[in-house]
Each structure stands twice: as C-alpha cells, then as structure tokens.
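J.: Just passing along the structure, written as structure tokens.
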Amino acid sequence: GTLVPLVGGLLIPGLAALQRTGEAFKANAAYQIAYVLSWGVGLAMTGVVQALLPALGLKLGKADTPFLEMGGLLKRVSLTAGVLMVAATLLSVPVMYGVIHVFYGVGAEDSFDYYLFLTAGNLFLGFTTIVDSFYIYSGPLKLGVRINFLLAIVALSAIVLGGKLFGPIGVAGAVALSDGLGLIHLVYIGLFFRRARARSPVPRTPDLTS
C-alpha cells in the first residue's frame, strides 16, 4: 500500500502518448501533487494502526481473553475507523480543491482530477486498520505476507494496464483500486473467526429439573 502507488510516478513520464505531446513531466508533476495530498489524508490511519497493536495486546493480557474471542472487538474497530476515514476523505475533497487552486495556481488544475481518483483509495484504508494486528496476534503472519505479495502483483499489473489504456488518469484509478485490494484480508479474517466459533464448544444449559 505504500510502495506500489509510487510506481505511478515512475510510469507516467514513460507513457509514449505523453512523450509525443511533451506533456509527460507536466502530467507527472500534477500526479505527484495529488499523490502527496492524498497520502497525507491516508496517513491519519497510521496512528490508528500504531495505537491498536499495544491496545489489543493490553486487552488480551488484562482480561486473559483468548484471541479467538476477539472477533467482535476487531469488527467494531474496523467499522469505526472505516466510517471515520470515509468522512475524512469526503471532507478533504473541497479542502484540497482550495489548496490546489490557491497554493499551486495555474497549471496545476489536473492535480485535482488525479486527487479525486487517488483519494478514493483512502475510503478503504480505515476498514483495513485491523489487518496487521490480526496477523501478528493470530499467528499466520507468513500467510499475510504471501497474500500481500500476490496483491502487489495484481496492483502493479493494474497500474501498468491503466496507464497504457487511459494514461495518467488510468494510473490514478488503478492506484485507488490497489488500496481496495486490502479488503481481501477482511474476507479471510471474517472466515477465520467464523470457523473459530464453529469449532468452539457450545455451552450446555444446566439442568434445573433435578
């Protein structure tokens, strides 16, 4: 999620259609402005992730609660952070419109179009804040790494294809979609806790007739 989007800034100057018109570096500059602004909004979720890891560990230690019973807590954290991030992303749109047009002025108008696509990826980031904590505390950390490796290949392919088919705007759209690929982890997490509940013994109702 951090390194893959940077590929867009390397790809855009090499697009043949832009090189023929001499617009390659201008388009890349507009993309970089939009990327930095959208990255700043997404950075807010980094604090949530960093706070979640020790907080979850503390709760596990204090309550002596098995991790297999923490599905409800992780779900609430995911939904809360997701809703907050969606709200922050939507509120950032008019703010960044003003920033781009006031501070960067004439020639940077395309940055706002790129920003709309790039910041769409931030809509998914809040929901995936629990992913790192889940893999660290549940055990299958290598599985999470393998999934990320496969998702990175898919994201890189989409960015290259988007650039070839639609130019810089296609790159920005593909980068946003690559942020959404993290939702695949949430599908696995949901299945993990569902299977854990299915394996857990059903508490027996005490016989009150005797």
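J.: Need pairs with beta-carbon distance below 9 Å; first residue in contact (Cβ under 8 Å) with a residue 12 or more places away in the chain and more than 13 Å from residue 169 (Cα to Cα) and within region 107-128, second among the basic types (Lys, Arg) and in a helix (DSSP H, G or I); sequence gap 6+ or separate chains.
T.: Close Cβ pairs satisfying both conditions: 107/26.
J.: Do we find that residue 180 is at pLDDT 90 or above, under 22 Å from residue 87 (Cα atoms) and small (Gly, Ala, Ser) in this structure?
T.: no
J.: When you scan region 122-134, do you find a residue that is part of a loop (DSSP other than H, G, I, E, B) and under 11 Å from residue 182 (Cα atoms), even just one?
T.: no
J.: Here's another thing I want to ask about it. Please count how many residues of region 8-30 are open to solvent by less than 40 Å² (accessible area, probe 1.4 Å), closer than 29 Å to residue 126 by Cβ and either in contact with a strand residue (DSSP E or B) (Cβ under 9 Å, 6 or more places away or on another chain) or modelled with pLDDT under 80 (or both).
T.: Residues meeting the conditions: 2.
The values are calculated or read from the model by the stated rules, or taken from the named source; none is laboratory data. Note that the coordinates shown come from a computational prediction; the quantities given were computed from them, not determined experimentally. With ideal geometry, Cβ positions are generated from the backbone for all residues, glycine too; neighbour counts draw on all protein chains shown. For accessibility, only protein heavy atoms count, side chains too; no ligands or nucleic acids. Shrake-Rupley method; radii C 1.70, N 1.55, O 1.52, S 1.80 Å.
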